[in-house]
Amino acid sequence: MNLKKISPDGVPHALDRAERYRLLNEPVQAESICRDVLAVYVDNYSARCALIHCRSCGAYALQYGHSRSA
């Protein structure tokens, strides 16, 4: 399976989607989207910030036993 690279026009939509996943307590999916953006646009500040938020949400969930099914 060949994945398509994110186009410059698709970055804002991808980051919106990452934020939505983060708010839905799905940090793994959100982090994956951020990494996809950063794979193409290494210096994308918004993706870097979003990735930090995703990781902090994931760490919080692991530390305090929160999960989507809880």
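Could you tell me how many of the residues in the stretch 24-48 are farther than 15 Å from LYS5 by Cβ, aliphatic (A, V, I, L, M) and within 11 Å of the chain's Cα centre (by Cα)? Number satisfying all stated conditions: 2. If you go through the stretch 34-49 and pick out every residue that is open to solvent by 50 Å² or more (accessible area, probe 1.4 Å) and either closer than 16 Å to TYR21 by Cβ or part of a loop (DSSP other than H, G, I, E, B) (or both), you end up with 6. Scoring LYS5 on the criteria (1) part of a helix (DSSP H, G or I); (2) modelled with pLDDT under 85; (3) not polar (S, T, N, Q) leaves a single failure, condition (1). Residue count for the stretch 18-33, restricted to those that are open to solvent by less than 90 Å² (accessible area, probe 1.4 Å), more than 20 Å from PRO8 (Cβ to Cβ) and among the aliphatic types (A, V, I, L, M): 2.
The values are calculated or read from the model by the stated rules, or taken from the named source; none is laboratory data. Since this is a predicted model, take the numbers as computed values, not measurements. Positions of Cβ are generated from backbone atoms using ideal geometry, with glycine treated the same way; all protein chains shown enter the neighbour counts. Only protein heavy atoms, including side chains, enter the accessible area calculation; ligands, DNA and RNA are left aside. Shrake-Rupley method; radii C 1.70, N 1.55, O 1.52, S 1.80 Å.
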